[in-house]
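Colleague: Before I ask anything, here is the structure I am working with.
The values are calculated or read from the model by the stated rules, or taken from the named source; none is laboratory data. Keep in mind it's a predicted model, so treat the numbers as computed, not measured. Cβ sites come from the backbone with ideal geometry, for glycine too, and all protein chains shown count toward neighbours. In case anyone asks, the SASA skips ligands and DNA or RNA and just uses the protein heavy atoms, side chains included. Shrake-Rupley method; radii C 1.70, N 1.55, O 1.52, S 1.80 Å.
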Amino acid sequence: MHMRHDHSYPVHTPELRKMVFASLFAALTAAGAYIQIPIPFSPVPVTLQVFFVLLAGSMLKSKWGSLSMVVYTLLGVAGLPVFAGGSSGIGVLLGPTGGYIFGFILAAYLTGKLSEKAESAGKSRLVVNALNMSAGVLVIYALGVSQLMLVAKIGLGTALALGAIPFLPGEIVKTAVAAYIASTHKL
């Protein structure tokens, strides 16, 4: 039996390609949750999730980067152990670290939007990517610290001390490496 190939739909459309990469970044973010360093005085561990969130936003841009983080979040809500430490469920989103996960979606979107604007202006360089990604990191920590304050019923100073300040050196390194990768590779 001979099957005729219909050439009216290209096999490798740009949208399909972006969809595949969005799935890949959701999986990489899940894998990044397993690469963690617990901090004894904080409920928030150091992971590689933010690294992949920043890359998703910068390389996939606003639509597909944020969709990749929506997929990641929905996988965790559905019960797959994709959140930090292999946790899952709606309880994680409503718990002290849930704001960081919501921040992943917004950070990927914002980083992507800023990357789109920079590229359209012809300014897609390492420093510009690092600044765009830094804005994404700020969004993650703003949402994360806010929810940590609400759920744990602690003040801003304590929330910053537990959920932001200890992580900033690592975020600087992750942002620099992600900006370099995004500046030297295109999807």
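Colleague: Accessible area of residue 149, 1.4 Å probe, to the nearest 10 Å²?
Modeller: 60
Colleague: Quick check on the chain: helices-only [θ] at 222 nm, where DSSP H runs of length 4 and up contribute -39,500 (n - 2.57) each and the sum goes over total residues. Nearest 500, please. Walk me through the numbers before you get to the answer.
Modeller: Values: 7 runs with 130 residues, N = 187.
It comes out at -23500 deg cm²/dmol, rounded to the nearest 500.
Colleague: If you don't mind, there's one more thing I want to ask. Within the accessible area of region 41-87, what % is carbon and sulfur when the probe is 1.4 Å and the other protein chains stay in place?
Modeller: Working: 1220 of 1540 Å².
Here carbon and sulfur together make up 79 percent of the probe-accessible area.
Colleague: Using a 1.4 Å probe, what is the accessible area per residue for region 9-128, in Å²?
Modeller: On a per-residue basis, region 9-128 sits at 48 Å².
Colleague: Going down the list 63/174; 113/186; 18/174; 18/61; 18/186, which pairs span over 20 Å between their C-alpha atoms?
Modeller: 63/174; 18/174
Colleague: Okay, moving on. When the label point is put 7 Å from the Cα of residue 186 along its Cα-to-beta-carbon vector, which residues of region 37-71 have a backbone N closer than 14 Å?
Modeller: Within reach of a label on residue 186, which here means backbone N under 14 Å from a point 7 Å along Cα→Cβ, region 37-71 contributes 59-61.
Colleague: Quick check: at a probe of 1.4 Å, how many percent of the accessible area of region 90-151 sits on carbon and sulfur atoms?
Modeller: Accessible surface attributable to carbon and sulfur in region 90-151 totals 73 percent.
Colleague: Using only Cα atoms and rounding to the nearest 10 degrees, what angle (0 to 90) does helix 98-120 make with the longest principal axis of the chain?
Modeller: 50
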